[in-house]
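Below is one structure, written out as structure tokens, with a few remarks after it.
The values are calculated or read from the model by the stated rules, or taken from the named source; none is laboratory data. Nothing here was measured: the structure is a model prediction, and the numbers come from that model. Positions of Cβ are generated from backbone atoms using ideal geometry, with glycine treated the same way; all protein chains shown enter the neighbour counts. Surface accessibility is based on the protein's heavy atoms, side chains included, excluding ligands, DNA and RNA. Shrake-Rupley method; radii C 1.70, N 1.55, O 1.52, S 1.80 Å.
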Amino acid sequence: MSGNPTVFPKDPVWPGEGSSRIPFWAYTRDDLYKQELERFFYSGHWCYVGLEAEIPNPGDFRRTVIGERSVIMVRDTNGAINVVENVCAHRGMRFCRERHGNRKDFFCPYHQWNYSLEGNLQGVPFRRGVKQDGKINGGMPPEFKLEEHGLTKLKVATRGGVVFASFDHDVEPLEEFLGPTILQYFDRVFNGRKLKVLGYRRQRIPGNWKLMQENIKDPYHPGLLHTWFSTFGLWRADNKSQLRMDEHFRHAAMISTRGQGGKNDEVVSGVDSFKDQMKVNDPRLLDIVPEPWWNGPTAVMTTVFPSVIIQQQVNSVSTRHIQPNGHGSFDFVWTHFGFEDDSEEMTQRRLIQANLFGPAGFVSADDGEVIEWSQEGFEQNPAHRTVVEMGGYDIADSEHMVTETLIRGMYAYWRKVMGQ
Amino acid sequence: MKMTIDFQTYFELLNLYSDYAMAVDSAEWEKWPDFFVEDGTYRLQPRENFEQGLPLCLLALESRAMIKDRVYGVKETMYHDPYYQRHIVGTPRVISVEGGRDADTIHSEANYLVVRTKYDGESTVFNSGHYRDVIVRTPDGLRLKSRLCIYDTEMIPNSIIYPI
């Protein structure tokens with residue numbers, strides 16, 4: 001252990017230089033968590049809100065979340081997509097209670113304030129007062145202006161059918177935010193084809209939200225934790241792979257090409273999860289058909305900081321939305337999709353391979369579990385720290401996956417933005 | 001078309017529901033596939049997908065062989081916090097019957113509630129939903145041709161490992 005007898009340090013400082021040792025308190029402090037919401041989710045960053053395919057028609061809306069703030073993604077009568085905060089300008093109510101639907105306008109049931117699909121306040125009951133016995137009773141003050149009391153409007157960017165929004169209207173353009181390298185992997189999936197939503201999966205994971213970003217910046221674990229990846233060669237240390245980051249080290253792509261699997265002692269010897277004799281009884285679970293748009297790699301996992309993970313694992317494609325709620329918990333919402341030109345066979349294939357992923361997935365259920373167990377370890381001794389030193393101390397793109405460099409990169413960025 | 005079934009058949013149906021619950025609550029996972037016919041399917045689907053006509057399930061096991069693959073996953077490959085589960089299954093409601101007096105295909109449904117208890121933990125409602133089943137008569141008794149579990153539970157408490 002660290003030798004520090006204090007379990008709950010009063011004014012903790014980051015241990016040492018660099019970002020290869022992450023203090024447990026980075027996952028347990030409420031004050032830091034609120035700062036993360038302010039600095040990552042509510043300013044300076046684009047956050048995922050959904051897919052255009054979820055709201056194809058004018059008036060379609062879907063309620064979602066950025067950080068802890070409820071927002072509504074809506075297509076207006078001109079076909080444009082707006083994102084507004086789900087908080088009435090009058091008394092602060094989260095007025096939109098349905099998760100999705102179609103509306104001509106929004107209104108708050110409490111006092112019936114009415115908003116356009118762009119978020120402009122259109123009407124206030126009794127604004128000019130109520131006439132009774134020849135007198136006008138009440139009414140809003142004469143200087144009250146509708147245009148000063150709209151819903152909070154977010155800046156919106158769409159690309160390839162994906163909708164991002166930001167409370168920060170000074171945020172850089174989405175393309176610059178992603179940077180050229182990550183943009184290329186983003187465009188690989190979202191190359192302009194219309195998306196077909198297959199459905200949702202929702203889980204509440206009792207762990208700090210950053211752990212999910214780290215999970216998908218950690219190519220070291222999948223071939224060890226996940227039997228299906230190690231045994232069937234879907235993802236493991238002897239696969240041909242690359243790790244790529246943006247210039248700030250906040251986003252990353254883990255790119256891998258499936259190997260033959262089987263027994264390579266170098267990578268599976270002594271690995272508990274590796275099952276030499278394992279065969280699937282129903283081969284449809286691994287009925288992988290390469291698609292032209294992959295351009296080679298069989299899996300690309302992209303982390304867009306702070307809010308979303310883009311999954312392509314063989315024929316299974318999804319966005320995974322991180323919705324934090326408190327320092328020790330986040331909701332994880334999976335939107336699985338396909339493409340408009342998918343054959344019925346391909347749709348079925350995507351649906352069957354989806355058994356590997358999500359809250360019950362052969363692979364992904366483990367990830368939620370280990371995140372919960374990490375958080376438990378952090379809570380019991382916030383003065384301690386993790387050791388993220390596989391592959392050394394540096395932060396750099398890589399041509400293999402035996403490294404935790406992407407996590408070090410994320411914490412270098414985190415330290416800079418958080419001033420820690 | 002709604003038809004009645006005789007009490008003997010209904011009794012067998014009751015047994016199927018209670019035997020299934022007993023098997024999945026007793027951690028006897030190998031018994032689980034035996035409740036299905038060979039081309040039987042098991043699907044666990046969020047209510048929101050079902051109601052919107054979206055096909056995605058949490059689990060979509062398309063054959064008894066695939067259900068066996070899940071058993072192998074539960075027993076051998078998925079690292080997870082161990083837990084007890086307890087199914088409370090309501091009285092099945094027969095929706096329709098095909099096959100006349102033999103009642104060889106029954107469409108029925110039943111509410112269920114699954115309570116989870118982890119080591120050192122309290123017992124909490126884990127998953128709440130209803131089964132929509134197609135049940136067929138086989139030489140070995142009634143078996144599931146398909147079981148669709150549509151669950152209300154909006155947020156899965158981290159993960160689901162064992163069969164519902």
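Using a simple spin-label model with pseudo-atoms 7 Å out from Cα toward Cβ, A:Asp133 and A:His248 lie 6.3 nm apart. Here chain B is assigned +1 on the Cβ of each Lys and Arg and -1 on the Cβ of each Asp and Glu. Its dipole about the Cα centre then comes out at about 140 debye. When you restrict to C-alpha pairs under 8 Å that are six or more residues apart and normalise by the size of chain B, the relative contact order lands at 25 percent.
Rounded to the nearest 20 debye, the dipole magnitude of the stretch A:179-418 is 480 debye, with +1 charges on Lys and Arg beta carbons, -1 on Asp and Glu beta carbons, and the Cα centre as origin. Apply the a/c threshold of 1.5 to the C-alpha gyration tensor of the stretch A:156-196 and tell me whether it is rounded, prolate or oblate. Oblate is the answer for the stretch A:156-196, as a/c is 1.5 or above yet b/c matches or exceeds a/b. Note on B:Ser26 and A:Glu379: their simple-model spin labels are 3.5 nm apart, each label 7 Å out from Cα toward Cβ. Using a probe of 1.4 angstrom and keeping all protein chains present, the accessible surface of the stretch B:7-151 works out to 45 square angstrom per residue.
Every Cα-Cα pair of the stretch A:302-420 was included, and the share exceeding 20 Å stands at 58 percent. Within the straight-line cut-off of under 27 Å between alpha carbons, the lysines reachable from A:Lys34 are A:Lys10, A:Lys153, A:Lys155, A:Lys210, A:Lys217, A:Lys416, sequence neighbours fewer than 8 places apart in one chain being disregarded. Please name which of A:Gly79, B:Thr77, A:Tyr27 has its Cα lying farthest along the dipole of the protein assembly as shown towards the positive end, using unit charges on Cβ (Lys, Arg +1; Asp, Glu -1) and the Cα centre as origin. The residue sitting most towards the positive pole is A:Gly79. Highest mobility in the GNM of chain A, judged by mean-square fluctuation with C-alpha springs under 10 Å and restricted to A:Gly150, A:Gly67, A:Gly270, is found for A:Gly270.
Centre-to-centre, using Cα atoms only, the stretch B:137-164 and the stretch A:1-74 are separated by 35 Å. Sequence-ordered 3J(HN,Hα) estimates for the stretch A:198-207 from the Karplus curve with 6.51, -1.76 and 1.60 and θ = phi - 60° stand at 9, x, 10, 9, 10, 9, 10, 9, x, x Hz, glycine and proline given as x. Take each residue of peptide B:60-69, count the partner chain Cβ atoms within 10 Å of its Cβ, and average: the result is 5. Given R0 = 60 Å, the distance between the Cβ atoms of A:Gln112 and A:Glu340 translates into a calculated FRET efficiency of 0.90. Extension gain, A:Lys34-A:Lys263: 0.36 nm per intervening residue step, less the Cα-Cα distance, totals 77.7 nm. Placing +1 on each Lys and Arg Cβ and -1 on each Asp and Glu Cβ, with no other charges, gives chain A a dipole about its Cα centre of roughly 1320 debye. The accessible-area ordering, largest first, of the residues A:Leu224, B:Leu44 stands as A:Leu224, B:Leu44, per a 1.4 angstrom probe.
Once C-alpha pairs closer than 8 Å and six or more residues apart are averaged by separation and normalised to the residue number of the stretch B:80-164, the relative contact order reads 24 percent. If you plug the beta carbon distance of B:Asp39 and B:Asn15 into 1/(1 + (r/R0)^6) with R0 = 22 Å, you get a FRET efficiency near 0.45. For the pair A:Ala412 and A:Asn281 in one chain, pulling the backbone fully straight at 0.36 nm per residue adds 42.6 nm over the alpha carbon distance.
Inter-chain neighbour count for A:345-358: the average number of beta-carbon atoms from partner chains within 10 Å of each residue's beta-carbon is 3. Site-free segments of chain A were taken between GluC sites (Glu not before Pro) in DSSP loops having at most 12 other Cβ atoms within 10 Å, sites themselves excluded; the longest one is A:144-246. The C-alpha atoms of the protein assembly as shown occupy a region whose extents along the principal axes are 82, 76, 53 Å, arranged from largest to smallest.
Consider a paramagnetic label point 7 Å from the Cα of B:Glu51 along Cα→Cβ; state which residues of the stretch B:130-145 have an amide N under 14 Å from it. Answer for this model: B:130.
Legend: mean number of C-beta atoms from other chains within 10 angstrom of residue C-beta atoms, peptide A:361-371, equals 5.
For A:Leu286, the accessible area of its heavy atoms, probed at 1.4 Å with every protein chain present, is near 30 square angstrom. Unpaired Cys in chain A, meaning no second Cys C-beta under 4.7 Å: A:Cys47, A:Cys96.
Can you tell me which of A:Ser398, A:Ser316, A:Ser269 moves the most in a GNM of chain A? Springs connect C-alpha atoms under 10 Å apart. Its mean-square fluctuation being the largest, the pick is A:Ser269. Shown are A:Arg39, A:Arg127, whose ranking by accessible area with a 1.4 Å probe and every protein chain present, most to least, is A:Arg39, A:Arg127. The heavy atoms of A:Met346 offer some 20 square angstrom of accessible surface to a 1.4 angstrom probe.
Comparing mean-square fluctuations of B:Asp19, B:Asp34, B:Asp140 from a GNM of chain B with C-alpha springs under 10 Å, the top value falls on B:Asp140.
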